[in-house]
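Okay, structure first, notes after.
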Amino acid sequence: MKKAIVAISLALTSLCLNAQAQPASSFKPGEIWPDNNGVHINAHGGGLLYHDGSYYWYGEHKIAGVAGNKAEVGVHVYSSNDLYNWTDRGIALKVEGDDSDIAKGCILERPKVIYNPKTKKFVMWFHLELKGKKYDSARSGVATADTPEGPFTFIRSQRHNAGHWPQNVQPEQKDPESIKLTLAENNKFGGGPSKKHAKFNILGSHFEGGQMARDMNLFVDDDGTAYHIYSSEHNSTLHISQLSEDFLSHTGHYTRNFPFRWMEAPAVFKHDGKYYLIASGCTGWKPNAARSAVADNILGPWTELKNPCTGTNPSNKLGAAKTFGGQSTYVLPVHGKKDAYIAMFDQWNPKDAIDGRYLWLPINFTADGFEIPWISEWDLSHFDK
Ligand code: GAL
C-alpha cells in the first residue's frame, strides 16, 4: 500500500513538473495565463511593443480585491519571443510618494509604450487620475526609459492641446457665450452617456486649460509620426492628436471623432494602407458591444463599421453584444506575418482586479472591414490558412 502511494505521488509530481516545464503553444482566451514563474500574467489594460526581436507586454499591475482598481504598484512588463510564453521583467514604472502625480493609490490605466528611434527612448503614455480625485482629473501621464524593461522615469501629467482648436472645430465651439455658460456649470457632467452633454460646449470650455483625456492608446504610423488617441470631452468624443517628434508632447494638431458616440478603449491599427479602429461603448467595467471604424487618414474622417465580434464565449455565454465579456485594449500586428493582427481585450474583474483575464483573438479581414471570431484555443498558424 505504502509503495503504491509513493509511486502515485512520484507520478503526480513528475506530471506537475512536466506541466510546468511544458511551454505554451496556443492562446486560450479567458483562461489563467501563467508567466515563466507559473503566476497569472499581471498586465491589464495592456499594450505591446515589438523591439529588436522581442515582444514586450506592458499593463496595469493589479492587486487582489477591489483595492486592485487603484494603482498600488505600477506598470508591469513581460517579454516574449513567441507571444505564448511570457517572462516576468518586473515593474517598468513604479508608483511614487504622495507628492507625485503618480502617487501610490492614484488611478493609472491603459499604459502603452512606443520606441522613438531619434531620441532612442522608450516612451510610455497612460491614463492618469490623481490620487483621491476619483475620475475627475482626466489626464495622461508620460514616462521614458532607455531600455524596454525600464525603469521608466515619470516626466509629467497633463491635459492636452491647451490653446489649440481641433482641425475640424465648428464655429459654435468658439462661441464665448456658450463657453461661459458651460464653465458656469463647472463642467459637472460625469463621464457616462447622457443627453445633457450635447447642450454644452465641452470642447470650448477646455480650450484654455487643455482637453480631457481618459481611455487611450498610441499609434506610430509608417512615417514615424506618433498619435495619441483618447476619450475626451467627458468621454463623449474621441480625440486623435499628433505627438511631437520626441513623442513627449502634443503638437496642437488634432481632430474630434465620433462626437457623442461615447467611445472608450480605443485601439488603432493599419492594414493595406487603411486605418482601423476597435473601441467599446462607455459602461465602466461592464462589457458592452464593440465598435469598429475605418479611415484613409489617421486623423479622420472615420467611418463607423459594424460590431466586429462573431460567435460566443462558452465560459460566460457572452457573444458580440457583450464583446465575449471583454473590452478592447490593443491590436498587435504580428511581426513578419502578413495580414496577421491580434485583437486584445480585457475581461475585467473589478471585485478581484488581479484575476482579470485576457482575451486575445485573431482578426479576419473581410471585403468590407474585419471580424473577430471567438475561438477557445488557437495559435498563429490561424493566419496561414
Ligand atoms: C472603463 C475603462 C477602464 C476603467 C473603467 C473604470 O470604461 O475602459 O479603463 O477606466 O472604465 O470604471
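The values are calculated or read from the model by the stated rules, or taken from the named source; none is laboratory data. Since the structure is predicted, the reported quantities are computational estimates derived from the model, not experimental observations. Cβ sites come from the backbone with ideal geometry, for glycine too, and all protein chains shown count toward neighbours. Ligands, DNA and RNA are stripped out before the accessible areas are found, and what is left, the full protein with its side chains, is counted by its heavy atoms. Shrake-Rupley method; radii C 1.70, N 1.55, O 1.52, S 1.80 Å.
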Q. Residue 370 is checked against (1) farther than 24 Å from residue 56 by Cβ; (2) open to solvent by 10 Å² or more (accessible area, probe 1.4 Å); (3) within 20 Å of the chain's Cα centre (by Cα) and fails just one. What number does that condition carry?
A. (2)
(Q) If residue 283 meets every condition in (1) part of a loop (DSSP other than H, G, I, E, B); (2) of a type in the set (Val, Ile, Thr); (3) more than 16 Å from the ligand (Cβ to nearest atom); (4) farther than 25 Å from residue 123 by Cα apart from one, which number is that one? (A) (3)
Q.
Taking the condition of being under 23 Å from residue 351 (Cα atoms) and of a type in the set (Phe, Trp, Tyr), how many residues in segment 23-73 meet it?
A. 2
Q: Inspect all residues belonging to segment 217-226 and state whether any of them is out of contact with any strand residue (DSSP E or B) (no Cβ under 7 Å at 6 or more places or on another chain), buried (at least 17 other Cβ atoms within 10 Å of the Cβ) and within 18 Å of residue 129 (Cα to Cα).
A: no
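Mind checking which residues of segment 286-309 are outside any strand (DSSP E or B), on the phi < 0 side of the Ramachandran plot, more than 16 Å from the ligand (Cβ to nearest atom) and open to solvent by 10 Å² or more (accessible area, probe 1.4 Å)?
296, 297, 299, 301, 306, 307
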Q: List every residue pair whose Cβ atoms sit under 7 Å apart, with the two residues 6 or more apart in sequence or on different chains, where the first one lies in segment 100-113 and is under 14 Å from residue 265 (Cβ atoms) and the second, anywhere, is outside any strand (DSSP E or B) and within 16 Å of the ligand (Cβ to nearest atom).
A: 110/215
**Q.** Residues of segment 155-169 that turn out to be part of a strand (DSSP E or B), crowded, with 21+ Cβ neighbours inside 10 Å and not small (Gly, Ala, Ser), as a count
**A.** 1
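Would you mention how many residues in segment 266-280 are hydroxyl-bearing (Ser, Thr, Tyr) and either more than 11 Å from the ligand (Cβ to nearest atom) or open to solvent by 10 Å² or more (accessible area, probe 1.4 Å) (or both)?
Count: 2.
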Q: Scan segment 332-350 and report the pairs whose first residue is under 16 Å from residue 50 (Cα atoms) and within 16 Å of the ligand (Cβ to nearest atom) and whose second residue is open to solvent by less than 40 Å² (accessible area, probe 1.4 Å) and not in a strand (DSSP E or B), with Cβ atoms within less than 9 Å and a gap of 6+ or a chain change.
A: 343/290; 343/308; 343/363; 344/326
Q) Which residue pairs have Cβ atoms closer than 9 Å, lie 6 or more positions apart in sequence or on different chains, and pair a first residue in segment 219-244 that is without any contact (Cβ under 8 Å) to a residue 24 or more places away in the chain with a second residue that is among the acidic types (Asp, Glu) and not in a strand (DSSP E or B)? A) 225/245
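Let's see how each residue does on (1) open to solvent by 80 Å² or more (accessible area, probe 1.4 Å); (2) touching a helix residue (DSSP H, G or I) at 6+ places or on another chain (Cβ under 9 Å):
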site	(1), (2)
171	yes, no
174	yes, yes
177	yes, no
185	no, yes
188	yes, no
194	no, no
204	no, yes
Q | The listed residue being farther than 22 Å from residue 225 by Cα and under 19 Å from the mean Cα position of the chain (by Cα), out of 266, 350, 259 | A | 350
(Q) Taking the criterion of being of a type in the set (S, T, N, Q) and within 20 Å of the chain's Cα centre (by Cα), would at least one residue in segment 84-92 satisfy it? (A) no
Q) Taking into account only those residues within segment 106-140 that are among the hydroxyl-bearing types (Ser, Thr, Tyr) and open to solvent by 10 Å² or more (accessible area, probe 1.4 Å), which is farthest from the ligand (Cβ to nearest atom)? A) 119
**Q.** Unmet criterion (only one of (1) away from the ligand (no atom under 16 Å from the Cβ); (2) open to solvent by less than 20 Å² (accessible area, probe 1.4 Å); (3) part of a loop (DSSP other than H, G, I, E, B)) for residue 213
**A.** (1)
